[in-house]
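Written below as structure tokens is the structure these notes are about.
The values are calculated or read from the model by the stated rules, or taken from the named source; none is laboratory data. The shown structure was predicted, so the numbers you read here are calculated from the model rather than taken from an experiment. Here the Cβ positions follow ideal geometry from the backbone for every residue, glycine too, while neighbour counts run over all protein chains shown. Heads up: the accessible areas ignore ligands, DNA and RNA and are worked out on the full protein's heavy atoms, side chains in. Shrake-Rupley method; radii C 1.70, N 1.55, O 1.52, S 1.80 Å.
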Amino acid sequence: MKRALVLLCAALLLLAAAKKAPRFNASLPTVGTRFGTLPLGKGRAQTEAACYACHSADLLLQQRLTEKQWTAAVEKMIRWGAEVKDADKPVVIAYLAKNFGPENKFVPRKTRPIGY
Amino acid sequence: MLQMNGYAVNAETPLELLTDYLTPNELFFVRSHWIPRTPNLSRWRLTVDGEVKTPVSLSLADLRKLPVTEVTCVLQCAGNGRALYTPVLPGVQWRYGAVGNARWRGVRVRDVLQLAGVKDSAKHLHLFGSDDPPRKVPPFHRSVELAKAMDDAILAYEMNGVKLPAEHGAPLRLVVPGWAGDHWMKWLVRLSPQAESQRGFYMETAYRYPLQPGAAGVAFKPEEMSPVTELFVKSNVTTAPKKAKAGTTYDIRGFAFSGAPDIAKVEVSDDDGATWNEAQLDARHSPYAWRLWSYRWTPRAAGTARVMVRATDSRDRVQPRDATWNQSGYLYNAWHTVDIEVTA
């Protein structure tokens, strides 16, 4: 009787777990474990050094900004602590404006559900 | 999910998955300003200080002794839809899925504040979370009008029947029914009623919306804007056929919500808004929750059919054809349109 009760409880737990787990494509990464990479080009290393301390490349890859907007964004980030040498500032702005201008296309990375 | 930033994690829900009345936690969008520090629950306390008679420090066990309350309502990021504005704006390029509807369980803010005794001088509730920004980035310090907080805001420790997940602010977050997500402070550690509103970047520069519409692309001055508070009336299509046959009937579905407590109607048009037909609203509802809706659509002729949806809330506010451009890309709520290829 006791054994049957244990088995019943185990079966119910399994059922509950099966109901809870969402279906998803197991080849997808867990959210927050894979990040985009910046395209090759002059200014890439300085941009990585300036930006990666606080956020992944994904945040850059989705932007579609004019050079004026990139200048404002880079200056804001420098005020907020991004490490960019004076000589590198125009290099970083030019790199971002060239690669992530108004015509940029971005497809977000698909991931598993949160927590999986 | 659709990852918008790897760290701090920002991810939106694919729109076609937002079909449930309660958005499952694992599909609920995540918006994080900084990488949170997971608090040690045995040491975690919520401090209430400021314009109060007796400052208090509460553990989770203390909070759980207070009367339990539950609300089902929409949480939408203020920037949901930012990517849809023209001219384009910097920031996380949210499209449609930084929104969800959940059941939040916890305690009323007013019950917690009453333990400390709020002085009459207090008009704003300052909110502090445990997440620290890196470098010289301004802290995400916010305040919410005390009247709203005392009216219906709750401190939630559960989401959809389970312990509040870490990415949603465990152990405690603020829930402000009908108001945009910037008020829904996560990882709460301190509440402080004050006479004045909170200062700083995230009150004085960010999360502000124009008082009057202006020209798209022309930035508003600070005095031309006020803080983002209530959500705007909005509806989206989650389910529609990609291809259809003229004369055949199809189900089109979606959700609608507002900063008003309810949605009065949802309408669908397939002639560029010249005529509208009412969709059927799902019976499930709670103040500030979304309404699921469905519509039986029969395309008349071959070609590309553009189906559009608009909602009207219980305060008679109608979702507009175009959203008001603003320099931070907040509260996008233009008619949602989907194109369907119709064959004869």
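Results, tabulated for the structure shown:
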| item | result |
| --- | --- |
| Flag if A:Arg44 is facing another protein chain (nearest Cβ under 8 Å) and at pLDDT 95 or above | no |
| Flag if B:Ser197 is open to solvent by less than 10 Å² (accessible area, probe 1.4 Å) and in the same structural domain as B:Val9 (by TED's automatic domain parsing) | no |
| Residue match in the range A:103-115 (condition: within 7 Å of another protein chain (Cβ to nearest Cβ) and in contact with a Pro (Cβ under 6 Å, 6 or more places away or on another chain)) | yes |
| Residue within the range B:34-54 that is within 12 Å of chain A (Cβ to nearest Cβ), in a loop (DSSP other than H, G, I, E, B) and closer than 24 Å to B:Gln327 by Cα present | yes |
| First in the range B:108-137 and within 14 Å of chain A (Cβ to nearest Cβ), second anywhere and among the charged types (D, E, K, R) and open to solvent by 30 Å² or more (accessible area, probe 1.4 Å), Cβ under 8 Å, 6 or more apart | B:Asp131/B:Arg37; B:Asp132/B:Arg37; B:Lys136/A:Arg79 |
| Matching entry among B:Ala289, B:Ala311 (being open to solvent by less than 10 Å² (accessible area, probe 1.4 Å), touching a strand residue (DSSP E or B) at 6+ places or on another chain (Cβ under 8 Å) and part of a strand (DSSP E or B)) | B:Ala311 |
| Residue in the range B:153-164 that is farther than 19 Å from B:Val118 by Cβ and either assigned to a helix (DSSP H, G or I) or outside the structural domain of B:Thr23 (by TED's automatic domain parsing) (or both) present | no |
| Residue within the range A:76-87 that is at pLDDT 95 or above, open to solvent by less than 70 Å² (accessible area, probe 1.4 Å) and not in a loop (DSSP other than H, G, I, E, B) present | yes |
| Matching residues in the range A:105-115 - criterion: being surrounded by 15 or more Cβ atoms within 10 Å (Cβ to Cβ) and either among the hydroxyl-bearing types (Ser, Thr, Tyr) or more than 27 Å from B:His168 (Cα to Cα) (or both) | A:Thr111 |
| Any chance B:Pro90 is in a loop (DSSP other than H, G, I, E, B), without any contact (Cβ under 8 Å) to a residue 60 or more places away in the chain, farther than 22 Å from B:Glu26 by Cβ and within 14 Å of chain A (Cβ to nearest Cβ) | yes |
| Residue under evaluation B:Lys221, criteria (1) out of contact with any Lys or Arg (no Cβ under 7 Å at 6 or more places or on another chain); (2) open to solvent by 20 Å² or more (accessible area, probe 1.4 Å); (3) touching a residue at least 12 places away in the same chain (Cβ under 8 Å), criterion not met | (3) |
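Here's the yes/no breakdown for (1) open to solvent by less than 60 Å² (accessible area, probe 1.4 Å); (2) within 13 Å of chain B (Cβ to nearest Cβ); (3) under 19 Å from B:Ile35 (Cβ atoms); (4) part of a loop (DSSP other than H, G, I, E, B):
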{"position": "A:Phe24", "(1), (2), (3), (4)": "no, yes, no, yes"}
{"position": "A:Pro29", "(1), (2), (3), (4)": "yes, yes, yes, yes"}
{"position": "A:Gly32", "(1), (2), (3), (4)": "yes, yes, yes, yes"}
{"position": "A:Phe35", "(1), (2), (3), (4)": "no, yes, yes, yes"}
{"position": "A:Arg64", "(1), (2), (3), (4)": "yes, yes, no, yes"}
{"position": "A:Gln69", "(1), (2), (3), (4)": "yes, yes, no, no"}
